[in-house]
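Here is the structure we will look at, set down as structure tokens.
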Amino acid sequence: MTPREVVRQLNALIGNLIELGLSESQNHPSERRDPSGSLEISFNGAERVTAALKNQPYKTIYDQLVSAQAYSVKMPDGALIQMSYRFTGEGLTGHRLAFFPSPYLEDFQNEPEIYEADEVFADIVAKSVVPFPVRFDFDSDGQRFEELNHPMSHLTLGQFKNCRIPVSAPLTPFQFLNFVLRNFYNTVHRSYANEMLVCAGSFADTIVGTESEVVHIRVGGG
């Protein structure tokens, strides 16, 4: 996918979430070109993300992101979705796609009878639910890449420092959003299946050698 295609897809997907009532607040993509010529497609407040993610309790990280409105979409249950891409010319050089569920689910879980009938909240009302962040990173920088230990495309669960599950390819905005909705909002995903936008496009595989021989994630269409 090209930078223009990514921007169009981000705008279309955010618009679709608004239409379906699945976005409480949102930032449409902004574009910023640095002195080297790289183009960053992100959201307002993205520059504060790095500082917010340094060694701090999850509630503190979440609160800082909300305060800075550092997200692409804030879901009705408070979960934050961040989608940022970096290109040099037409080539993708990085992305950061993150899902931060709200750590404040007690109100929903203490009165499940109020929320369980609402499809948006149906998957989070159980007290056994443990919210944890999910992040897909891609970085084509050869200085950072280390086969198996630091795959170019990888998934990190729960902010574990060395959790880098190999992923076969970078994710498009649609592939990431579909992953989040299918797995963490399954009830609403099934209910709105016919109304949810489906987008074509993919990025080329980047997984190498031993990364494909261990447990990894295969991105469809790559």
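Each reported figure results from applying straightforward, stated rules to the coordinates on display, with no laboratory input. The structure presented is a predicted model; accordingly, all values stated were derived computationally and were not measured.
Which whole-number percentage describes the relative contact order of region 1-114, with Cα contacts under 8 Å and a sequence gap of 6 or more? Let's see the in-between values first.
On the way: 167 pairs, mean separation 27.1, N = 114.
It comes to 24 percent, rounded to a whole number.
Taking amide H positions as placed in the peptide plane 1.01 Å from N, state which residues far from S25 in sequence (5 or more) or on other chains have amide H under 5 Å from it.
For S25, whose amide H was placed from the backbone, the distant partners under 5 Å are K74.
Output the 0 to 90 degree angle, nearest 10, between the alpha-carbon long axis of helix 173-184 and the longest principal axis computed from the alpha carbons of the chain.
Compared with the principal axis, the helix lies near 40 degrees.
Specify the angular offset, from 0 to 90 degrees and rounded to the nearest 10, of the alpha carbon long axis of helix 58-67 from the longest principal axis of the alpha carbons in the chain.
Tilt of helix 58-67: around 90 degrees.
For the chain, find the longest principal axis of its Cα atoms and tell me its angle to the long axis of helix 3-19, 0 to 90°, nearest 10.
It is inclined by approximately 0 degrees.
Divide by every residue of the chain the summed helix terms, -39500 (n - 2.57) for each DSSP H run of at least 4, and state the resulting mean residue ellipticity at 222 nm, rounded to the nearest 500 deg cm²/dmol. Write down the numbers at each step before the final one.
Working: 7 runs with 58 residues, N = 222.
Value at 222 nm, helices only, nearest 500: -7000 deg cm²/dmol.
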